1. With unit charges on the beta carbon (Lys/Arg positive, Asp/Glu negative), name the residue among 67, 12, 33 whose Cα is farthest towards the positive pole of the charge dipole of the chain.
2. Here are labelled values, [x] 82, 12, 5; [y] 28, 14, 11; [z] 24, 14, 11, and one is the computed semi-axes √(5λ) of the Cα gyration tensor in Å for what I pasted. Which one?
3. Students often get this wrong: which residues of the stretch 17-31 have the backbone nitrogen under 20 Å from the point 7 angstrom along Cα-to-C-beta of residue 69?
4. Among 46, 11, 66, determine the one that fluctuates most according to a GNM of the chain built with springs between C-alpha atoms less than 10 Å apart.
5. Which longest uninterrupted range of the chain lacks any chymotrypsin sites (Phe, Trp or Tyr not before Pro) assigned by DSSP to a loop state (not H, G, I, E or B) and surrounded by at most 11 other Cβ atoms within 10 Å?
6. To the nearest 20 debye, what is the magnitude of the charge dipole of the stretch 2-75 about its Cα centre, counting +1 on the Cβ of each Lys and Arg and -1 on the Cβ of each Asp and Glu?
7. Pop a pseudo-label 7 angstrom from the Cα along the beta-carbon direction at both residue 45 and residue 12 and give the gap in nm to one decimal.
8. For helix 2-12, what angle does its Cα long axis make with the longest principal axis of the chain, in degrees from 0 to 90 and rounded to 10?
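Coordinate-derived values only; no laboratory data. Model, not experiment: these values are computed from the prediction. Please note: Cβ atoms are built from the backbone with ideal geometry, for glycine as well, and neighbour counts cover all protein chains shown.
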Amino acid sequence: MMDVSASHLSEIGIEDWFVQVRMTVNGSRATMIYEDGSGSEHARQEIPYTVFPMHAISLYACWDGEHRVIMLPSEYWIGSDGLGFS
């Protein structure tokens, strides 16, 4: 999951500092969707085979000025400046 995410995030670029990565698993297949957090889709990838143990997962990828930081939603918070992560 992380290598697929990193590949698409580098293609998406840094214009949008926040990207939500959602993966849903249906049997042995999965779909990964990269969006801006407001429903606007950047990319989508169908994965023909996976043994990922969860039915769905969501990650956040934020640009920190030098690189993307990928985190679980519980690791992300909005600071008083409207930005932030722990």
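1. The listed residue farthest towards the positive side: 33.
2. Recomputing semi-axes √(5λ) of the Cα gyration tensor in Å here picks out [z].
3. Residues 17-22 qualify, since their backbone N sits under 20 Å from the label point.
4. Its mean-square fluctuation being the largest, the pick is 66.
5. Details: sites that count: 49, 77.
My reading of the result: 1-48 is the longest stretch.
6. Values: 4 positive and 11 negative charges, 81 e Å.
Dipole about the Cα centre, nearest 20: 380 debye.
7. Label-label distance for residue 45 and residue 12, simple model: 1.2 nm.
8. 60
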